[in-house]
Structure formats: structure tokens, C-alpha cells
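Report on the following structure.
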């Protein structure tokens with residue numbers, strides 16, 4: 001292995017896409033964010049990502065795509081299938097039957113690996129973040145959607161068809177029925193996605209709050225903010241208790257934009273989880289914030305993944 005080898009990590013989200021250039025130690029050399037287009041044709045968008053990546057290489061290092069030092073790209077996208085290299089259907093992107101791995105390899109002129117975006121975030125936390133010293137954990141990403149990445153016995157669990165551990169689509173009991181972006185009813189994502197949380201806030205207050213305002217008001221012991229937090233925690237923990245008894249994790253690692261609510265939010269989750277979970281797990285499952293940041297977790301995982309694929 002040469003110490004000058006580099007990898008791209010890319011996270012295609014429902015709202016924004018992040019690009020990171022990494023060295024083998026996990027040092028991020030460059031980071032860029034751009035809007036994810038709303039149209040359903042991914043081909044011009046992947047070309048745009050390649051052009052942006054080549055601009056990064058040229059301006060920062062005097063290199064081009066195809067350089068031998070670029071070992072590849074690890075990319076995350078909703079519903080990306082590691083085994084087939086395709087995205088069959090990603091409702092939050094409007095994509096159907098997209099040969100994503102092939103598009104990346106053609107445009108980046110290097111090896112590519114694709115994963116569910118939450119899976120990549122879990123790989124990143126395992127390699128360089130909050131899960132570094134854990135063998136069994138579930139990363140929950142609370143963002144445009146709700147994702148879950150499962151690490152069992154130190155390895156990423158994908159399931160038979162690479163679509164296992166889709167924690168955002170666990171059914172939760174609720175008196176109010178909500179439609180999930182996938183078409184299902186009362187999935188965890190219906191309540192804990194950014195849209196779902198905004199809907200809950202509006203139902204409880206008649207106002208539109210940002211996550212930052214919610215966190216600030218909660219830390220100031222505002223009664224309405226406490227009611228909102230307790231409501232969304234009840235909904236979140238309804239899903240976490242099912243995942244906990246199935247997999248017995250050491251921890252849930254909370255990532256995504258909602259993780260900015262911080263340790264006070266985690267403490268409420270922990271308290272409620274210990275009240276609801278099976279007695280054998282009470283006090284034994286940690287609630288931890290992701291340490292690779294809400295913005296960069298999956299791109300770290302993408303880089304870690306392609307390094308492992310090429311150099312193992």
C-alpha cells in the first residue's frame with residue numbers, strides 16, 4: 001500500500017450531496033456540498049459529481065480522475081444495493097432502476113462500491129468514529145429520511161438482498177396514521193424524518209420550528225419544546241425497542257441532522273428506552289451521538305469502504 005493513495009466518499013441525500021476526498025488514515029483533504037437535483041434522471045448528475053471531483057483534484061493536488069493514486073469511490077444513496085450495484089427504487093430521489101455502480105465507474109474511471117447511505121455512515125463510525133471500540137451497534141440517521149446501519153460482530157450486516165436492517169421502515173403503533181415516502185403507513189420514517197418532525201411540531205404548536213430552535217428552546221426548559229421532544233422520543237423509541245430485542249446492540253449511535261439536538265436529547269432517549277425495552281436489556285444499551293458529524297458520516301464510510309474493497 002502506498003501512503004499517497006486517495007479515495008472519494010460521496011453521500012447522495014434527498015436534499016444535498018456531499019463529496020469528500022480522503023487519504024488512507026481517514027484525513028479529509030477536501031469537502032464539498034451541492035444540491036441534489038429534483039429531477040429523476042441520475043445520469044447528468046453523476047457526470048456533474050465527476051466534474052466536481054475532478055475540479056477538486058485539479059485545484060488541490062494537480063491531479064485528474066483516472067490517476068493511479070485514486071483507488072476509487074465509495075458512494076451512498078438511499079436503497080443502493082451493494083450486490084447488484086443498482087438502485088431499484090429510491091422514493092426520496094425519484095430514482096428507479098439506476099445502474100449506479102456502473103455510472104460511477106464510467107464517470108470516475110476507477111473502482112466504485114455503492115451502499116445504502118446509512119450503511120456507509122455505520123462503516124464510517126466503525127472505522128473512524130463513535131463505534132471504533134464497539135463490536136455491535138446500530139447507527140440511526142435522522143435526516144430527510146430515517147436510515148439504519150447495523151454492525152454485528154464488527155462487520156456490516158446487509159441481509160440476503162442488501163436491503164436488510166431498514167430500521168426506518170419498522171412499523172410503530174400510533175393513533176395518528178401517516179403515509180411514509182415509500183407508500184407504507186406508520187413507518188418510523190413517517191414520524192422521525194425531517195418532514196415528519198416538522199409535521200409533529202406544527203401539530204403541537206401551530207408553528208414552524210427549525211431543529212436548532214427546538215434544541216435551543218428545549219435546553220432553556222421551554223414547556224412546548226419539552227412536549228415536542230417527549231413526543232418524538234416516544235415515537236423513536238417505539239422503533240428502537242424492536243431493533244434492540246432483535247439484535248442486542250451495545251449502543252444506538254444517533255446521526256443525521258436531528259443529532260444536533262445533542263446529549264440532552266440522548267438522555268431523554270436513554271431514559272425512555274430503559275422504560276420500554278425488555279428487562280434483560282435495561283441499562284445495557286448506550287445512546288451515543290455520531291462523532292463524524294451529521295454532514296460527513298457517510299462520506300467517511302464511503303472512503304473507508306472503498307479502501308477496504310481495493311486494499312484488503
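Rounded to the nearest 10 degrees, the angle from helix 262-276 to the longest Cα principal axis of the chain is 60 degrees.
The label-point distance for residue 264 and residue 55, in a model that sets each label 7 Å from Cα toward Cβ, rounds to 4.0 nm. The stretch between residue 88 and residue 207, if pulled fully straight at 0.36 nm per residue, gains 39.1 nm over its current Cα-Cα span.
Extension gain for residue 64-residue 161 works out to 31.4 nm (0.36 nm per residue, less the C-alpha to C-alpha distance).
Any chance you could run the full-extension gain for residue 152 through residue 185? It's 0.36 nm times the residue separation minus the Cα-Cα distance, nm to one decimal. Could you put the intermediate results ahead of the total?
Values: separation 33, 0.36 × 33 = 11.88 nm, distance 2.86 nm.
That works out to 9.0 nm of additional length.
The Kirkwood hydrodynamic radius of region 132-291, based on inverse pair distances between different Cα atoms, is 15.9 Å.
Assuming a ≥ b ≥ c are the square roots of the Cα gyration tensor eigenvalues, decide whether region 213-312 counts as rounded (a/c under 1.5), prolate (otherwise, with a/b larger than b/c) or oblate.
Oblate.
When the alpha carbon coordinates of the chain are projected onto the principal axes, the ranges are 56, 39, 38 Å, largest first.
Can you tell me the 0 to 90 degree angle between the C-alpha axis of helix 43-61 and the longest principal axis of the chain, rounded to 10? Helix 43-61 and the main axis of the chain meet at about 70 degrees. Ranked by the mean number of other Cβ atoms within 10 Å of their residues, highest first, the peptides 24-34, 298-308, 247-257 come out as 298-308, 247-257, 24-34.
Could you tell me which of rounded, prolate or oblate describes region 45-89, using a ≥ b ≥ c as the square roots of the eigenvalues of the alpha-carbon gyration tensor, with rounded for a/c under 1.5 and, failing that, prolate when a/b is larger than b/c and oblate otherwise?
Working: a/c = 3.56, a/b = 2.09, b/c = 1.70.
Prolate.
Tell me, what is the FRET efficiency for residue 97 and residue 38 to the nearest 0.05, using R0 = 22 angstrom and their Cβ-Cβ distance as r? Kindly include the intermediate steps, with their values, before the conclusion.
Values: r = 19 Å, r/R0 = 0.84.
The pair residue 97/residue 38 has a calculated efficiency of 0.75.
Let a ≥ b ≥ c be the square roots of the eigenvalues of the Cα gyration tensor of region 80-169; is it rounded (a/c under 1.5), or, if not, prolate (a/b larger than b/c) or oblate?
Details: a/c = 1.97, a/b = 1.45, b/c = 1.36.
Prolate is the answer for region 80-169, as a/c is 1.5 or above and a/b outweighs b/c.
Spin-label model, residue 175/residue 308: points 7 Å from Cα along the beta carbon direction are separated by 4.4 nm.
Every number in this text was worked out from the coordinates using simple rules, so none of it is lab data. Since the model is a prediction, treat every value here as computed from it, not as a measurement. Glycine gets a Cβ as well: all are built from the backbone with ideal geometry, and neighbour counts include every protein chain shown.
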